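Novice: Please find one structure pasted underneath; my questions will follow.
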């Protein structure tokens, strides 16, 4: 099913299933995934891995597991290929998304397309406590440019970076990690090649999902001013207010809005529109609680892919 040459047959298979049956199966899968995420989060909160059933501190070269990326004692960079040779990009990526969302949903995953380099198909960063993981894939990477000479076959691949306390443990340039057939199937789903099959994240959703699901006005309706450390804020709002020609803005009105904001926690960007004879433009950007995407930089003046 995952191989690109089977796409036509898979489309025919999907078209043979009644839409009601597809909806039923989808609902069942959503319920199953929700239960698995709850079990996953509970196990992680108690220091255990729901996949291998060992503590997340356990490490054995003979049993590669996703939780190696939580850096148990004994795990070294040289062990990473043992993991990615068994687990696909989509499996590793989803695991890390679940880890991040087990404590701080959405804000710990910066997969915003607007923050992504124009040359990248994949560029995102995921954070959990003092750990940070990043993925990068350009069009050249996806096409599979050769790396070792004329006799090397093209290798469709991605790059991965892991940092602990800001220190790089696995760097982007160390591995060209091949995409599996399953990965390419998932990419085909994301491109919309199957009319009755749509991809997306729910438990693994990041910031991009918020921007896709809600309009700026809806986001403002959902926002409340943070009472905690501003460094953990999900969004930052800025509003430019200009008095209409021939009018002025009352300082008392501004003071009243600031007082109401402090009392109700309603964003100033929303309250400011109550003023008359003004033009207000609000900007909603990711807050300091959202990790910056760790871009893959060029090396020795040459552009990497």
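Novice: What is the one condition in (1) within 23 Å of residue 204 (Cβ to Cβ); (2) in contact (Cβ under 8 Å) with a residue 40 or more places away in the chain; (3) out of contact with any helix residue (DSSP H, G or I) (no Cβ under 8 Å at 6 or more places or on another chain); (4) not in a strand (DSSP E or B) that residue 186 does not satisfy?
Specialist: (3)
Novice: Same structure, new question: Take the residues of region 260-276 that are modelled with pLDDT of 85 or more and in contact with a strand residue (DSSP E or B) (Cβ under 8 Å, 6 or more places away or on another chain): which is surrounded by the most Cβ atoms within 10 Å (Cβ to Cβ)?
Specialist: Restricting to residues being modelled with pLDDT of 85 or more and in contact with a strand residue (DSSP E or B) (Cβ under 8 Å, 6 or more places away or on another chain), the top hit is 272.
Novice: What number goes with the only condition from (1) surrounded by fewer than 18 Cβ atoms within 10 Å (Cβ to Cβ); (2) without any contact (Cβ under 8 Å) to a residue 24 or more places away in the chain that residue 181 does not pass?
Specialist: Going through (1) surrounded by fewer than 18 Cβ atoms within 10 Å (Cβ to Cβ); (2) without any contact (Cβ under 8 Å) to a residue 24 or more places away in the chain one by one, residue 181 breaks only (2).
Novice: What's the number of the only condition in (1) at pLDDT 95 or above; (2) surrounded by 13 or more Cβ atoms within 10 Å (Cβ to Cβ); (3) more than 24 Å from residue 159 (Cβ to Cβ) that residue 26 fails to meet?
Specialist: Only one criterion is unmet by residue 26, namely (1).
Novice: Tell me yes or no: at least one residue of region 134-152 is more than 28 Å from residue 10 (Cβ to Cβ), in contact with a strand residue (DSSP E or B) (Cβ under 7 Å, 6 or more places away or on another chain), surrounded by 14 or more Cβ atoms within 10 Å (Cβ to Cβ) and in the same structural domain as residue 83 (by TED's automatic domain parsing).
Specialist: yes
Novice: Tell me, please, whether a residue that is more than 22 Å from residue 200 (Cα to Cα) and part of a loop (DSSP other than H, G, I, E, B) can be found in region 92-114.
Specialist: No, that holds for no residue.
Novice: Please work out which one of (1) farther than 13 Å from residue 98 by Cα; (2) in a helix (DSSP H, G or I) is the condition residue 36 fails and give its number.
Specialist: For residue 36, the exception is condition (1).
Novice: Still on this structure, I have one more. Out of all the residues in region 5-26, is one or more in the same structural domain as residue 198 (by TED's automatic domain parsing) and on the phi > 0 side of the Ramachandran plot?
Specialist: No, that holds for no residue.
Novice: Separate question: Taking residue 192 as the residue in question, decide whether it is assigned by TED's automatic domain parsing to the domain that holds residue 129, more than 30 Å from residue 130 (Cβ to Cβ) and more than 19 Å from the chain's Cα centre (by Cα).
Specialist: Taking the combined requirement at face value, the residue satisfies it.
Novice: If we keep just the residues of region 221-246 that are surrounded by fewer than 12 Cβ atoms within 10 Å (Cβ to Cβ) and touching a strand residue (DSSP E or B) at 6+ places or on another chain (Cβ under 8 Å), which is nearest to residue 289 (Cα to Cα)?
Specialist: Per the stated criteria, the residue is 238.
Novice: Now for a different question. Looking at this structure, is residue 203 in the same structural domain as residue 37 (by TED's automatic domain parsing), closer than 30 Å to residue 97 by Cβ and modelled with pLDDT of 85 or more?
Specialist: Taking the combined requirement at face value, the residue satisfies it.
Novice: Within region 53-71, identify whether any single residue is part of a loop (DSSP other than H, G, I, E, B), closer than 20 Å to residue 173 by Cα and either in contact (Cβ under 8 Å) with a residue 12 or more places away in the chain or touching a strand residue (DSSP E or B) at 6+ places or on another chain (Cβ under 6 Å) (or both), and answer yes or no.
Specialist: The answer is yes, given that some residue of region 53-71 is part of a loop (DSSP other than H, G, I, E, B), closer than 20 Å to residue 173 by Cα and either in contact (Cβ under 8 Å) with a residue 12 or more places away in the chain or touching a strand residue (DSSP E or B) at 6+ places or on another chain (Cβ under 6 Å) (or both).
Novice: Inspect all residues belonging to region 120-137 and state whether any of them is modelled with pLDDT of 95 or more and either in a loop (DSSP other than H, G, I, E, B) or over 15 Å from the mean Cα position of the chain (by Cα) (or both).
Specialist: Yes, because at least one residue in region 120-137 is modelled with pLDDT of 95 or more and either in a loop (DSSP other than H, G, I, E, B) or over 15 Å from the mean Cα position of the chain (by Cα) (or both).
The values are calculated or read from the model by the stated rules, or taken from the named source; none is laboratory data. All values derive from a computational prediction rather than experimental measurement. Note that we place each Cβ from the backbone using ideal geometry, even for glycine, and neighbour counts take in every protein chain shown.
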